[in-house]
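First the structure, in the form of structure tokens, and then the observations on it.
The values are calculated or read from the model by the stated rules, or taken from the named source; none is laboratory data. Note that the structure is predicted; figures quoted are calculated from it, not measured. Every residue, glycine as well, gets a Cβ built from its backbone with ideal geometry; the counts of neighbours run over all protein chains shown.
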Amino acid sequence: MLEEDGSVVLSLFCEADAPALVAADADPEHRRRFDFPPDFVPSLRHSEEVIARWESERLVEKRFAFAVRSANMGELLGGVELLPLGDGIANLSYWTHPAHRRRGVASRAVSLACQVALRDFGFRALRALVDPDNTASRRIAVGRGFREVGTEDGRICYILEWTR
């Protein structure tokens, strides 16, 4: 476990999470937000390969993907990712499994990810790119203290900066 707030826990993904990732990858909303190719077919093998890739990338500090789990049952609820961009900045992305949306999971996960980003990785700022029509994700970013700074690749760019 990396961080928890009593409701959700951030931890590493494990092979047992692959079936839940297959289900998430089949969700039209998830596919649209994360730019899946139109011909992509979710599979257990693909999800297992993704989990292995995330672990390899974490070990070389290229990408930090974390599972969001329920604190009481350990069930996979979603994920958050910190992607270092250089100069002390990381891109933050987040998703919630379809069965757990609209319950505050992503808001809590983003708060925890911000704590980890500052404390464990020493990032000085986080950036989140959100589709203009994704009002839920936009509310989450603003609610966690991110400020809108413009657009990038057709998405709204939010920044959260810390002073040391």
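Overview of values
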{"quantity": "Qualifying residue in the range 128-136 (condition: touching a Phe, Trp or Tyr at 6+ places or on another chain (Cβ under 7 Å), buried (at least 17 other Cβ atoms within 10 Å of the Cβ), closer than 22 Å to D17 by Cβ and of a type outside the set (D, E))", "calculated": "no"}
{"quantity": "Any hit, the range 21-33, residues being in contact with a strand residue (DSSP E or B) (Cβ under 6 Å, 6 or more places away or on another chain) and within 23 Å of L2 (Cα to Cα)", "calculated": "no"}
{"quantity": "The range 137-164: number of residues that are surrounded by 13 or more Cβ atoms within 10 Å (Cβ to Cβ), in a strand (DSSP E or B) and without any contact (Cβ under 8 Å) to a residue 12 or more places away in the chain", "calculated": "1"}
{"quantity": "Complete set of residues in the range 114-130 that are in a loop (DSSP other than H, G, I, E, B) and touching a helix residue (DSSP H, G or I) at 6+ places or on another chain (Cβ under 9 Å)", "calculated": "F123, R124"}
{"quantity": "Residue check, S111 in contact with a strand residue (DSSP E or B) (Cβ under 7 Å, 6 or more places away or on another chain) and either part of a helix (DSSP H, G or I) or surrounded by 12 or more Cβ atoms within 10 Å (Cβ to Cβ) (or both)", "calculated": "no"}
{"quantity": "Within the range 87-98, considering residues that are over 15 Å from A128 (Cα atoms) and in contact (Cβ under 8 Å) with a residue 60 or more places away in the chain, the one surrounded by the most Cβ atoms within 10 Å (Cβ to Cβ)", "calculated": "H97"}
{"quantity": "Exclusive hit being out of contact with any helix residue (DSSP H, G or I) (no Cβ under 6 Å at 6 or more places or on another chain) and either modelled with pLDDT under 95 or under 22 Å from P28 (Cα atoms) (or both), set V68, V50", "calculated": "V50"}
{"quantity": "Among (1) within 27 Å of V142 (Cα to Cα); (2) touching a strand residue (DSSP E or B) at 6+ places or on another chain (Cβ under 8 Å); (3) surrounded by fewer than 16 Cβ atoms within 10 Å (Cβ to Cβ) - the single one E57 does not satisfy", "calculated": "(1)"}
{"quantity": "Scan of the range 4-20 for residues that are crowded, with 16+ Cβ neighbours inside 10 Å, in contact with a Ser or Thr (Cβ under 9 Å, 6 or more places away or on another chain) and touching a residue at least 40 places away in the same chain (Cβ under 8 Å), ordered by number", "calculated": "V8, V9, D17, A20"}
